[in-house]
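Input: a single structure, listed below in structure tokens.
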Number of protein chains: 2
Amino acid sequence: MTTRAPRRDSVENRAGILDAARATLATDPRASIDVIARSAGLSRRTLYGHFDDREALIRELISVGAQRFNAIAESVSDSDSRLALARLAAQLWREAAHVQVAAALALDEAHVEHTADALAPLRRTVAALARRGQEDGSFRTDLTAPTLARLIEEVARTVVSRTDASSTGAVDLAVRTLLSIAGLSWREADDLLTAHPDIVESQEVSS
Amino acid sequence: MTTRAPRRDSVENRAGILDAARATLATDPRASIDVIARSAGLSRRTLYGHFDDREALIRELISVGAQRFNAIAESVSDSDSRLALARLAAQLWREAAHVQVAAALALDEAHVEHTADALAPLRRTVAALARRGQEDGSFRTDLTAPTLARLIEEVARTVVSRTDASSTGAVDLAVRTLLSIAGLSWREADDLLTAHPDIVESQEVSS
DNA sequence: GTTATCTTGCACACTGCTGTGCACAATACG
DNA sequence: CGTATTGTGCACAGCAGTGTGCAAGATAAC
């Protein structure tokens, strides 16, 4: 009656599939199940043992990615809204590897809705930030707060998904772009980043 | 021995297919041949009479769209580089209907190369504009000219393909966004558009 | 009115993908 | 060890799409 504990290799393989799917789908959002499974070193048949569907696999991928996104959104707490935006952009960028998938899949008609739901907390953070930035005079006021928020989202998506994540200075570019969109002049953004070099500092990543 | 002139309805149908393809693929870049043909009021079989391939159809679509793009690029001749960018953005926006297809298809792995080739003239214009803007002190200089040009391209693509073309004030939003990216503060952009109201003026379109 | 041109529907072969069933082999767990 | 769990290969059915052949019907051009 009592069931055994799940085998160790099984859970490892499951994680491996998710990793492989993340890497593969980031390049080609329509990669076949077979390609994903192979790139995880497993057979197609095995993948179906871990996930009912292509749907199920992708949903989990989006959920996990969105969680990381949302966690970052909550971790940013600068009272200066310009700094908050810069930090948010930089942090999200560093998670880019886990995020490009979401960005790519978000454009796929079938998953738009799920992605939007999963990212709701992040969007709320951005919306609040846009409002706050306008109120304290840091951000542009020629657009309404919701429009500005939407613009920030879209541009962020673009920057994340269409930049070579490995190239040096990419974080810098991403942050400057978003600050420009928010309405800062490039000199102001430049001053801000000079005053707070930790923001775009390339962190050592522990393996 | 002498061949007859092509039938009138034939050439009309060919044009109709291109129109239908433009409209359909703008929404769903992977729409089937059948859907495209039906939406042109023709049968799938007939479409194959006009175009050898799906490839052939899409290539023609891209070529035609790119031509319009490039023509616009050449038509902009303001000596003030800020104005030139604003005009370029506004004009391209107005051609959005003919352009969203290109923007959507450009993301499709299979046509990236052809699209890039077809749009080469436009890209040259943008690159030259970025350089000029930096030299005369209008644009930001915290990025290299090529990087700035690339950024302008990417953001333009985003704005064009992910905005509701029919909504009022959309042109305005697109232009402001690109000026921000170029490095202008939003107040400067605002002044510029106030001084030159013709740029974002919603033109009457003759049917 | 004749005729070449064009459209249409249907059948067909083909490709690439999804998801499942099943028997057999491998292996981690107790 | 023994055993339940997991991986694998193969076959299979199914779906959606592409591109072609062909015969019959419609129609614009002459």
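Of all residues in the range A:137-162, count the ones that are closer than 21 Å to A:Leu119 by Cα and of a type outside the set (D, E, K, R).
The total comes to 13.
For the range B:125-142, indicate whether the set of residues that are more than 12 Å from every other protein chain (Cβ to nearest Cβ) and under 17 Å from A:Thr158 (Cα atoms) is non-empty. Looking through the range B:125-142, none of the residues is more than 12 Å from every other protein chain (Cβ to nearest Cβ) and under 17 Å from A:Thr158 (Cα atoms).
Given (1) at pLDDT below 95; (2) more than 11 Å from the chain's Cα centre (by Cα); (3) among the charged types (D, E, K, R), identify the lone condition not met by A:Arg68. Single failed check for A:Arg68: (2). Comparison of A:Ile36, A:Ile72, A:Ile58 shows that the only residue that is hydrophobic (A, V, I, L, M, F, W, C), over 30 Å from A:Ile152 (Cβ atoms) and either out of contact with any Asp or Glu (no Cβ under 7 Å at 6 or more places or on another chain) or crowded, with 17+ Cβ neighbours inside 10 Å (or both) is A:Ile36. Taking the criterion of being more than 24 Å from A:Ser185 (Cβ to Cβ) and assigned to a loop (DSSP other than H, G, I, E, B), the residues of the range A:133-172 that qualify are A:Arg162, A:Asp164, A:Ala165, A:Ser166, A:Ser167, A:Thr168. Selection of first residues in the range A:37-59 that are more than 14 Å from chain B (Cβ to nearest Cβ) and of second residues that are of a type in the set (Phe, Trp, Tyr) and more than 9 Å from DNA strand D (Cβ to nearest atom), restricted to Cβ pairs under 8 Å at least 6 apart or on distinct chains, gives the following pairs, ordered by first then second residue: A:Leu57/A:Phe51. Remark: A:Ala15 falls outside the filter, which requires a residue to be within 9 Å of DNA strand D (Cβ to nearest atom) and more than 14 Å from chain B (Cβ to nearest Cβ). Candidates are the residues of the range B:1-31 that are of a type in the set (Lys, Arg) and within 13 Å of DNA strand C (Cβ to nearest atom); the one that is surrounded by the most Cβ atoms within 10 Å (Cβ to Cβ) is B:Arg14. Within the range A:162-175, identify whether any single residue is surrounded by 19 or more Cβ atoms within 10 Å (Cβ to Cβ) and within 25 Å of A:Leu18 (Cβ to Cβ), and answer yes or no. Yes, the range A:162-175 has at least one match.
For A:Asp191, the test of being assigned to a loop (DSSP other than H, G, I, E, B) and of a type outside the set (Gly, Ala, Ser) is failed.
The values are calculated or read from the model by the stated rules, or taken from the named source; none is laboratory data. As the structure is a prediction and not an experimental result, all values here were calculated from the model. Glycine also receives a Cβ, built like all others from the backbone with ideal geometry; neighbour counts cover every protein chain displayed.
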